[in-house]
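Below: one structure, written as structure tokens.
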Amino acid sequence: MRVLVTGAAGFIGSHLSERLLARGDEVLGYDNLNPYYDPRLKQARLDKLLPREGFRFVNAALEDRTALDQAFDSFRPQRVVNLAAQAGVRYSLENPHAYIDSNIVGFLNILEACRHRHIEHLVYASSSSVYGANRKLPFAVEDSVDHPVSLYAASKKANELMAHTYSHLFNLPTTGLRFFTVYGPWGRPDMALFLFTRKILAGEPIDVFNHGKHTRDFTYVDDIVEGVIRTLDRVPGPDPGYDPLDPSPATSTAPYRVYNIGNNQPVQLLRYIEVLEECLGRKAERNLLPLQPGDVPDTYADVSALSRDTGYAPSTPIEVGVRRFVDWYREFYGV
Ligand code: NAD
């Protein structure tokens, strides 16, 4: 299968590309290698992929319609996974335009490109942050997500709405995956595990928001990639719950799905830090701080829908996943 993967130099996209190549798919990676975090890390991920047979790469932005159209027309993908986005909740407070450019304009360009080329299936990254101020745990896809508390979350919710209209109007099969705090080797330098590791090894104090009391459904990257591939392979048909006498958005004829993809095992931040300390063999000096604006107190994924439809079954406990991250970090940075 020919799969176009946007964000292929990113954390999840590079792991996904590797796994697709390993099973014999052809992959076109598409990424603008933007400087949101150290582009050398993105380049290093890419350097692993470039020699692989079946991999090609385009360095361009989703907003560049000419480059995107050329990529689609020269590679002729059958399926598309859109992971390229401006990520990060806190960054969205001060840099709102980056989210509109990449996540709204860029996503529209992807939808248009897919629509006009009759792409078999578009899978795209949504986020657990869409649940926002929702306090009902675990989060289920049926729960209302009308109260995102950051522009990042709003842009991801907007993606789901935009995908719905394209599925509905143009019969484009789309599946949104709401990722829950993904971690693992080659992870993102702006995320807690990476930040904490760097600071603990440097003997600096770590900032622990919400006094470490909040819980996160930390999900190991291999489990995420397994779920993305299972999802990609299963093209959605019309929603079986559709009632023709009640054509409301909730009961749509569109080949449209949204799923949670998480670990289904929330862990308190303080416990996550303890596991990291054990793996590093060092204690962290904790700088306890209040909850940050835009952050949600707890996340917990109900993954029953994805498990039912694809057999998704996350299997990596944090003790194993954090150890693998630390091993990678020490080797990559030589510390
Ligand atoms: P990442 O930042 O490592 O990867 C995103 C990649 O997309 C980067 O390499 C970046 O250069 C590229 N990119 C960004 N904007 C672009 C644009 N306009 N045009 C072309 N390329 C662009 O992030 P990640 O952690 O791998 O996340 C992948 C996706 O999953 C993102 O959509 C993110 O919002 C979503 N997500 C991630 C998490 C997580 O915990 N990592 C949680 C929820 C959702």
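The values are calculated or read from the model by the stated rules, or taken from the named source; none is laboratory data. Here the structure is a predicted model, which is why all the values come from computation and not from measurement. Glycine gets a Cβ as well: all are built from the backbone with ideal geometry, and neighbour counts include every protein chain shown. For accessibility, only protein heavy atoms count, side chains too; no ligands or nucleic acids. Shrake-Rupley method; radii C 1.70, N 1.55, O 1.52, S 1.80 Å.
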Please identify the pairs in which a residue from region 190-214 that is on the phi > 0 side of the Ramachandran plot has its Cβ atom under 7 Å from the Cβ atom of a residue that is of a type in the set (Phe, Trp, Tyr), counting only partners at least 6 apart or on another chain. none
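Would you point out the residue of region 151-182, among those that are among the hydroxyl-bearing types (Ser, Thr, Tyr) and open to solvent by less than 10 Å² (accessible area, probe 1.4 Å), that is farthest from the ligand (Cβ to nearest atom)? Outline the logic, then answer.
Kept after step one, since they are among the hydroxyl-bearing types (Ser, Thr, Tyr), are these residues of region 151-182: 152, 155, 165-167, 174-175, 181.
When the remaining residues are screened for being open to solvent by less than 10 Å² (accessible area, probe 1.4 Å), the result is 155, 167, 174-175.
Values: SER155: 9, SER167: 19, THR174: 15, THR175: 14 Å.
Top of the filtered list is SER167.
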Scan region 84-106 and report the pairs whose first residue is touching a residue at least 60 places away in the same chain (Cβ under 8 Å) and whose second residue is β-branched (Val, Ile, Thr) and open to solvent by less than 70 Å² (accessible area, probe 1.4 Å), with Cβ atoms within less than 7 Å and a gap of 6+ or a chain change. ALA84/THR6
Filtered residue count, region 20-47, keeping only those that are more than 14 Å from the ligand (Cβ to nearest atom) and either over 18 Å from VAL225 (Cα atoms) or open to solvent by 10 Å² or more (accessible area, probe 1.4 Å) (or both): 6
Taking region 88-105 as the search range and keeping residues that are within 13 Å of the ligand (Cβ to nearest atom), modelled with pLDDT of 95 or more and not polar (S, T, N, Q), which one is surrounded by the most Cβ atoms within 10 Å (Cβ to Cβ)? TYR99
Just to be sure I understand, how many residues within region 117-145 are on the phi > 0 side of the Ramachandran plot, open to solvent by less than 20 Å² (accessible area, probe 1.4 Å) and away from the ligand (no atom under 14 Å from the Cβ)? 0
For PRO51, are the conditions met, namely being surrounded by fewer than 12 Cβ atoms within 10 Å (Cβ to Cβ) and farther than 15 Å from GLY106 by Cβ? yes
Checked against (1) within 10 Å of the ligand (Cβ to nearest atom); (2) within 28 Å of GLY294 (Cα to Cα); (3) open to solvent by 10 Å² or more (accessible area, probe 1.4 Å), LEU108 satisfies every condition except (1)
Can you find a residue that is within 18 Å of HIS214 (Cβ to Cβ) and crowded, with 16+ Cβ neighbours inside 10 Å anywhere in region 321-330? yes
